Every structure is written in structure tokens, then in C-alpha cells.
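Notes for the one structure printed next.
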Amino acid sequence: MIKKIKASMGEKILFIFLILLAITSFVFFYTIKNKCLFIDKIDLKKINFPNKSNIVIMNVECGMVIIELLPNLSPNSVERFKFFVSNGDYDGSSFYRVIKNTLLQAGDLEFGNIENIDYFKVGSGKSKLGPINSEIDSQFEFNAGSVGLVRGDEFNTEDSEFFILLKNVPLFKGEYTPIGKVIYGLDALTKIKSSDKTEYVLRPDFLSDLKLLEQYN
Amino acid sequence: MRILFILLIVFQSNSLKADEINYLLKIPNLKTFSLNNENGIKYLIAKKNFKIGVQNNISCDKLEKKNLDNKFSLIKRNLDLYDNIFLKKINLRFIVLCQNLYISKINTAGIPDLKKRTLILDLEFNEKYFERVIHHEVFHLIQGSFPEIFNEEAWSNLNKKGFKYADCSTCTDKLGLDIYKNTDGFLTEYSKTIPSEDMAEVYSFYVTDKENLEKIKKIDPIIFKKAEYIETKIKKINNL
């Protein structure tokens, strides 16, 4: 004969606690896994852009990023950037260099694209157009959302690569060519993959596409 | 290939922490100290020891607060002598302050980097002549920016016939910075190392101790010619 043993009150509480813990862990796991969960979606139809020809739209994993270009500050650099954008040259470009919560770098057309990424050479790639002169505006404040052209150690070495700041960096004032500002969607960029210890990212995130607003349907 | 890239990242992660200053200057472990200066100079300080250069041959230690407190106003006062236009011409924008600066295990007062428009200064180097040393190091940027103006051969010809400089500034133990009682064409022992150090020494006196230099010029014809050479060339740069 099998004797039925009743669970004590303590055992019942422990059982309920374990079930709640399992549910919480399950929900938490899926919440954490979805890194884009709290990123607001942008509806282009609801935004009234004063100058549509200077708006570019970047799509990344967590959403849309809208950048207003600044041709008044850097006419040649903006023209160059728009040329690459309109050609779709940046589509699939990797954010191979990321300083956590500070800066994202992308735009190596030769070695940094999803189709041709070369971990040894990324960052050293050149476009077919060659370098252009820096257009430094000594008054431009490099704040969160500022977009600038990447250069080598020296000025006048800018080409296709660009960076986007995630925080204010006063030190960059007068050091880089500013080409634009993120006006919507900076949150989506904070979710781009980074490393705590190094600025070069193994298996980096890619931007899906970068288009002029005029090209966008 | 991917394994090698991982190793590269692991190696790099051990040696430096990424931040915006390192992104710009390729010097890790710095923090900004003073950015809004009238002549555009931006001062950065070492918050930890750092190593840079080929095979990490340049090293400098974290700057102690007492050194910063004691020396910063003096450094700023001296660098404020240069205006924004001149600093642009000589490619000087960033001053990195640290202590115990070594290049290839040799202690040095400063290391100028023309490309990055940076001067690294050792705040513990030679208390007695620290102020003069600042301008000595600035001169290396001036000469580096205008090598065609500061012709080393022409400079060497100002010396007595038969005098020969050393092959390099550290190829000799003549490193003294005390001013000679009998100058005989050279202000200090260090002046005798190489032409660019000799020029830098004359320039540093020209900026910090002009009165004394004028006295020496009256009794030493070689120093007279050297000081005139420096003054003429600096005026030429100012007029560019």
C-alpha cells in the first residue's frame, strides 16, 4: 500500500516560487534577446522635412535612422557622400569600428561590405574616386548624432568612410569634416554591436541600406 | 584568417581601451583637461600609464595631481605666448601631459608628433629648466613644419671650422642643460649634440631668457649669428 504524503505549506510556497521564477526567466530571456524591443518606429509620412534633398535614410537592424546633410558647411564632402548614397554603395556596409556608447564607423566600400568583408584590410579601403580635402568648420560642435567623414592621421585624406557620434565629443571640434546630423532614430544606432574592450568588432553589424529620401518609396 | 583576427582583437583589448581620444590621437589612457583655450591648444592628461609607437617604444606614466597643480599654469602661460595662427603653421594643437616619458628607454622632456599635431610633455623632467624645455620642444615642431627654412647645413657652417656634431642627440653623454660660463659658440652642453638640438637650445633662450642671450651675443660672435639666424627665420614664419 502506498501512503500519500501531503505537501507542507513550505513546499507549496517553494513550488509556486519555482514556477514564477521559470516564467519570469522565460519572459526576461525573450525580452533581452530582442535588443530592438524599446526602439520607437519612425513613420516617414508623419515627418515634414523642410529640405528633402538633404535627407538620407539609413536602415539598420533596429530601425530607421534619418540624417540631415549639411551642404552649407561642407559642400564637397556632402556632394561626395550623396554620390555614394545615390549609387547604393553604402548598402551592406559594416559598422566594423565601434566605440561603445561613443562612435560608430562605417563606409569602407572596398573591404567593409557584407559581400566582401576582409577583416585584415577593413578600414584601409578606398573608393574609386580618391581622397578629398577636409572641410573643417571650427565652430561646428560635434554632439550626439553628428555625422563626420573619417580621415587618416592627416587632413585632406577623407574618402567614403563616415562616423556617427552617440555622445557629445567636444574634442572633435575643428578636427573632422561634418557632413550631417541624425535628426531621428539615434536610439537604433545605440544597439549596433560593440565590444567592451576593443573598438574593432568581430562579426560586425551591417547597415541594410542608405538612401536619399528622394529615392525612398 | 578569422582566428588571426580574433587574436588581433584579444591582443589589442589587452593593450588599450577604446575611447574618442585614442580614436583621434592614437594615444590610450588620456582624458581631456582643458579644451577651451584662446589659442586653440587642447590639453590632455594621462589618467593611466600608456605605451605607444613602434613596438611600444614610447612610454609615459599617469600624471600625479601634484605635478599637474604645480606645473599647469606655468605650461599654459608659456604656450599662451603662441597665437592660434602661429600654432596652425607649426602644427601644434594637442598637449599631452604625463610623467616619466621615455623613448627607447631614454628619458626625454617631450616628444613632438607633427602628423598628429601633438606634443607630449614630461612634467617631471628637469625642474630647473622646465620652462625653457617647453619652448625647446616647440621648436622641434617649428623646424619639422619648416625644414626648408631651418637648414641644418647652413646652421652647422656658423660654427668654428673643424667642429663636428654627434651622429644623434642620444649618441653622446653630453646632455647638460646648464648654460656655459664661456659659451664659445654653444649655449649648453646639449647644444653640441646635433644641429636641431643646438637650434632648439638657442630658440628656447630666445623665448625665455632674451636678456641673457643679448648679453652673450655681445661677447660671442657665433652665438650672435645663431641668435640672429633664429630670430630672422621665426620672423619669416610669422610673415608667411
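The values are calculated or read from the model by the stated rules, or taken from the named source; none is laboratory data. Here the structure is a predicted model, which means the values were calculated and not measured. Reconstructed Cβ throughout: ideal geometry from the backbone, glycine too, with neighbour counts over all protein chains shown.
Yes or no: B:I234 closer than 26 Å to B:L92 by Cβ, among the β-branched types (V, I, T), in contact (Cβ under 8 Å) with a residue 60 or more places away in the chain and assigned to a helix (DSSP H, G or I)?
yes
Among the residues of the stretch B:180-201, which ones are aliphatic (A, V, I, L, M) and crowded, with 23+ Cβ neighbours inside 10 Å?
Those that are aliphatic (A, V, I, L, M) and crowded, with 23+ Cβ neighbours inside 10 Å: B:L187, B:M199, B:A200.
Does the stretch B:107-121 hold any residues that are in contact with a Phe, Trp or Tyr (Cβ under 7 Å, 6 or more places away or on another chain) and buried (at least 22 other Cβ atoms within 10 Å of the Cβ), and which are they?
B:R117, B:T118, listed by residue number.
Of everything in the stretch A:86-117 that's under 17 Å from A:G152 (Cα atoms) and acidic (D, E), which residue is farthest from the other protein chains (Cβ to nearest Cβ)?
A:E110
Only one residue in A:D209, A:D196 is out of contact with any Pro (no Cβ under 8 Å at 6 or more places or on another chain), more than 14 Å from chain B (Cβ to nearest Cβ) and surrounded by fewer than 19 Cβ atoms within 10 Å (Cβ to Cβ). Which one?
A:D209
Would you pick out the residues in the stretch A:77-103 that are among the polar types (S, T, N, Q) and either buried (at least 21 other Cβ atoms within 10 Å of the Cβ) or over 22 Å from B:L24 (Cβ atoms) (or both)?
Scanning the stretch A:77-103 gives A:S77, A:S86, A:N87, A:S93, A:S94.
For the stretch A:133-190, give me every one of the strands (runs of 3 or more DSSP E) that falls completely inside it and has 3 or more residues that are β-branched (V, I, T).
Filter on the stretch A:133-190 gives A:177-184.
Please state which one of A:K52, A:K12 is modelled with pLDDT of 85 or more and either in contact with a helix residue (DSSP H, G or I) (Cβ under 7 Å, 6 or more places away or on another chain) or not basic (K, R) (or both).
Among A:K52, A:K12, only A:K52 is modelled with pLDDT of 85 or more and either in contact with a helix residue (DSSP H, G or I) (Cβ under 7 Å, 6 or more places away or on another chain) or not basic (K, R) (or both).
Inside the stretch B:36-78, can you point out the residues that are within 14 Å of another protein chain (Cβ to nearest Cβ) and touching a Phe, Trp or Tyr at 6+ places or on another chain (Cβ under 7 Å)?
B:N39, B:K42, B:Y43, B:L44, B:I45
Just one of the numbered conditions (1) of a type in the set (V, I, T); (2) away from chain B (no Cβ under 14 Å); (3) under 19 Å from A:T102 (Cβ atoms) is not true of A:I183; which one?
(3)
Among the residues of the stretch A:118-151 satisfying the criterion of being facing chain B (nearest Cβ under 9 Å) and farther than 22 Å from A:N72 by Cα, which is farthest from the chain's Cα centre (by Cα)?
A:F120
Would you point out which residue out of A:R151, A:R203 is without any contact (Cβ under 8 Å) to a residue 40 or more places away in the chain, within 30 Å of A:K41 (Cβ to Cβ) and among the charged types (D, E, K, R)?
A:R203
Just checking, does the stretch A:12-34 include any residue being in contact with a strand residue (DSSP E or B) (Cβ under 9 Å, 6 or more places away or on another chain) and within 26 Å of A:T198 (Cβ to Cβ)?
no
Taking the stretch B:65-87 on its own, how many of its residues are loosely packed, with under 14 Cβ neighbours inside 10 Å and of a type outside the set (S, T, N, Q)?
Number of matching residues: 9.
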